[in-house]
Amino acid sequence: MRIIAVDDEQMQLKLLEKAILKAVPDCELTCFDNSVKALEWAGKNQPDVMFADIQMPVMTGIELAKAVKKLYPHTNIVFVTGYYEDYAVEAMALHFSGYLQKPATAEAVAQEMQNLRYPLPVKQQPQKLKVQCFGNFEVYMDGRPVHFERHKTKELLAFLVDRHGAQVNSNEICAVIYEDDSNEVNNKADLRKSCADLKKTLQSVGMGEVFIKGFNTYSLDVNLLFCDYYDWEKGEAYAVRAFHGEYMSQYSWAEDTLADILG
């Protein structure tokens, strides 16, 4: 979201900047204390929202708003002033979005952002597969357990989660999840079945892109995972509370990672 803030008074501009960044921390904010320079910038960078003081020299906020609206009719204009009543008629003619009383506050900015005349499209958050590593390894999508037809399919996913999505070849996987079976040919054949089943299972819940198959390598797109273990590593409070000394308890190979967690 691209926002421009304009006020010729440096102190008021600083307060406005602080309020906007607090209310809309992920915005792209550009500030000007000169309305002419603000218009030059706006001509090259279409703003989604413009916060503008009304009383400014050379070009008033009303004049600036008219020029910006001529370029971009759907830019939201929010006037920032202590004298709105004096300019109400002119402001109304511009179909402006709203106005803020000086000094601007984050709460007032947030209120205006929620009631824009031309609402901005909401970014859709990507869906994520939830994987639970603490306790038994479990997988959920939209709060519902994901069903695996083959137990080795689920173990394969657990192993790839444990490897943080790093590429792993078939020999490495077989050495771990088929550690009690020395028949290499059968193990690789079964692994191929598990890979195909994993892809099918993930596709059935709309998350087929999680599993990545390369040339004799397998990995995960961890950006599509919501994982307690990963969040524990980041120090997230909920994940720290969720760990009670158990990690993927149904898999013996997970004991090495558990030892690292326990330190």
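Some observations on this one:
- Across the range 41-56, a minimum of one residue is classified as in a helix (DSSP H, G or I) and of a type in the set (A, V, I, L, M).
A quick yes/no check of all residues on (1) in contact with a His (Cβ under 9 Å, 6 or more places away or on another chain); (2) open to solvent by 30 Å² or more (accessible area, probe 1.4 Å); (3) modelled with pLDDT of 85 or more:
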{"residue": "Met56", "(1), (2), (3)": "no, no, yes"}
{"residue": "Ile62", "(1), (2), (3)": "no, no, yes"}
{"residue": "Leu71", "(1), (2), (3)": "no, yes, yes"}
{"residue": "Val89", "(1), (2), (3)": "no, yes, no"}
{"residue": "Ala93", "(1), (2), (3)": "no, yes, no"}
{"residue": "Pro103", "(1), (2), (3)": "no, yes, yes"}
{"residue": "Glu107", "(1), (2), (3)": "no, yes, yes"}
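- Residues in the range 28-53 that are among the acidic types (Asp, Glu) and out of contact with any strand residue (DSSP E or B) (no Cβ under 8 Å at 6 or more places or on another chain): Glu40 alone.
- Any chance Lys37 is at pLDDT 95 or above and either touching a helix residue (DSSP H, G or I) at 6+ places or on another chain (Cβ under 9 Å) or of a type outside the set (Phe, Trp, Tyr) (or both): yes
- Among the residues of the range 1-34, just one is open to solvent by less than 40 Å² (accessible area, probe 1.4 Å), at pLDDT 95 or above and assigned to a loop (DSSP other than H, G, I, E, B), namely Asp7.
- Of Ser194, Ser170, Ser182, Ser249, all but one fail to be among the polar types (S, T, N, Q), without any contact (Cβ under 8 Å) to a residue 60 or more places away in the chain and within 22 Å of Leu129 (Cβ to Cβ); the exception is Ser194.
- Lone unmet requirement of (1) more than 22 Å from the chain's Cα centre (by Cα); (2) closer than 23 Å to Glu172 by Cα; (3) surrounded by 15 or more Cβ atoms within 10 Å (Cβ to Cβ) for Ala242: (2)
The values are calculated or read from the model by the stated rules, or taken from the named source; none is laboratory data. Remember, predicted model here, so these are calculated numbers, not experimental data. Cβ coordinates were reconstructed from backbone atoms using ideal geometry, including for glycine residues, and neighbour counts include every protein chain displayed. What goes into the accessible areas is simple: the full protein's heavy atoms, side chains included, and nothing from ligands, DNA or RNA. Shrake-Rupley method; radii C 1.70, N 1.55, O 1.52, S 1.80 Å.
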